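The values are calculated or read from the model by the stated rules, or taken from the named source; none is laboratory data. A quick note: this is a predicted structure, and the numbers were derived from the prediction, not measured. Here the Cβ positions follow ideal geometry from the backbone for every residue, glycine too, while neighbour counts run over all protein chains shown. Remember, those area values only see protein heavy atoms, side chains included, never the ligands or the DNA or RNA. Shrake-Rupley method; radii C 1.70, N 1.55, O 1.52, S 1.80 Å.
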Amino acid sequence: MELIKFWNDKNVLVTGHNGFKGSWLSTTLLKLGANVTGISLANLSNPSMYASLNLNKKVNNINLNIEDYDALASTIKDVNPEIVFHLAAQPLVGESYEFPRSTFNSNSMGTLNVLECIRKNTNIKSSVIVTSDKCYLNQDSKIGYVEDDKLGGHDPYSASKAAAEIITQSYIKSYFSKDGGTVRGVASARAGNVIGGGDWSQDRIIPDIVRSSFEHKKLIIRNPNGVRPWQHVLDSVMGYIKLSEKLFNEGRNFNGAWNFGPYDYSVKPVIDIIKYFEDTKNLKVDYELTKGEPYKETNLLLLDSTKAIENIGWKPVWNIDETLDRTYDWYSKFYAGDNIKDFTNKQIDEYLTHQT
């Protein structure tokens, strides 16, 4: 497989490697033969996918705060990676309302620190800065947002991601382009709502359904009619991986912003996701609807991923039902006490059969 040929023995740095998406990315990179160093805070969730997969035995784990520029710069200089994936962030809308300052510090200034380290380390040939679909100025459009649509954000989380995008595009134009300076591959990646096994975050619909079903906890639904572009976490992970390879080999030709969203038929309201688990998996979800949202959240958010599909050989693989099936299977294995490390690798192997 061409992916394995490229990634074998590549020295890769992943920030936020011990989170939900970071764990899936790190596991996939290890399977492809890369040498992975991870930088992140030590605040693992409980349960934790990173701990469940024993990734600390395979990843060079470094705990530090990306807001500490001096520590970050010294560490990246020592690691001297060829490729960087920046995922470290405060990822929750609700938490951003409660802690706006720390959200901006992590998501915006933390990204600035990472980019400055990339600028000063010329051994780094390819960098993917992961932001969010929520970076767009959202107008509840029924047409998917494209990469050059306006950025914005009403809540602190979305605004912090829009700011991270502005910072990233500034660095690309100023330092990583033919006219601005050294030509190196740097891009931002915007994905929709990713789901899959191993997510234990608070106030996310799949983890909340899982806790309600398997741990007998009540699920509070804030926005039952909220529509999200659901996709399996491996869709976004593979988008980052394929984009990174293009950046490494062809530099500025792939610099800029990239969307990684699901097919249109993967768009469903929150209430339909609950009904899927109740009707298809016979799970009893104990939930109640709140009378009002504690904070404003977008009702409709769609991405247009034509650019990625046509230019980097990426496409979504599993539709919404397939994604939900595999997500349910992961959590079922976990709660049954099965070998979740082997099962996770099995799902990655299955996904990789769709890649060229």
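The one condition from (1) within 19 Å of the chain's Cα centre (by Cα); (2) at pLDDT 85 or above; (3) open to solvent by 40 Å² or more (accessible area, probe 1.4 Å) that residue 263 does not meet is (2). Only a single item in (1) β-branched (Val, Ile, Thr); (2) open to solvent by 60 Å² or more (accessible area, probe 1.4 Å); (3) assigned to a helix (DSSP H, G or I) is not met by residue 76, and it is number (2). When the strands (runs of 3 or more DSSP E) confined to the stretch 1-64 are screened for residues that are modelled with pLDDT of 95 or more and surrounded by fewer than 18 Cβ atoms within 10 Å (Cβ to Cβ), those reaching at least 2 such residues are found at 60-63. Return yes or no: is residue 92 at pLDDT below 95 and either in contact with a Cys (Cβ under 7 Å, 6 or more places away or on another chain) or aliphatic (A, V, I, L, M) (or both)? So residue 92 fits the description; yes. Scanning the stretch 331-349 for residues that are free of Cβ contacts under 8 Å to residues at least 40 places away in the same chain, within 17 Å of residue 200 (Cα to Cα) and surrounded by fewer than 16 Cβ atoms within 10 Å (Cβ to Cβ) gives 336, 337.
Report yes if residue 295 is aromatic (Phe, Trp, Tyr), at pLDDT below 95, in a loop (DSSP other than H, G, I, E, B) and out of contact with any Pro (no Cβ under 8 Å at 6 or more places or on another chain), otherwise no.
Criteria met by residue 295.
Considering only residues in the stretch 160-209 that are crowded, with 18+ Cβ neighbours inside 10 Å and polar (S, T, N, Q), the one that is nearest to residue 233 (Cα to Cα) turns out to be 193. Of all residues in the stretch 85-95, exactly one satisfies the criterion of being open to solvent by 20 Å² or more (accessible area, probe 1.4 Å) and touching a strand residue (DSSP E or B) at 6+ places or on another chain (Cβ under 7 Å), namely 87.
Conditions (1) closer than 19 Å to residue 255 by Cα; (2) open to solvent by less than 50 Å² (accessible area, probe 1.4 Å); (3) part of a helix (DSSP H, G or I); (4) in contact with a strand residue (DSSP E or B) (Cβ under 8 Å, 6 or more places away or on another chain), marked per residue:
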{"site": "67", "(1), (2), (3), (4)": "no, no, no, no"}
{"site": "71", "(1), (2), (3), (4)": "no, yes, yes, no"}
{"site": "97", "(1), (2), (3), (4)": "no, no, yes, no"}
{"site": "103", "(1), (2), (3), (4)": "no, yes, yes, no"}
{"site": "111", "(1), (2), (3), (4)": "yes, yes, yes, yes"}
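Residue 145: in contact (Cβ under 8 Å) with a residue 60 or more places away in the chain, more than 28 Å from residue 81 (Cα to Cα) and either crowded, with 21+ Cβ neighbours inside 10 Å or of a type in the set (Gly, Ala, Ser) (or both), yes or no?
For residue 145, the condition - in contact (Cβ under 8 Å) with a residue 60 or more places away in the chain, more than 28 Å from residue 81 (Cα to Cα) and either crowded, with 21+ Cβ neighbours inside 10 Å or of a type in the set (Gly, Ala, Ser) (or both) - is met.
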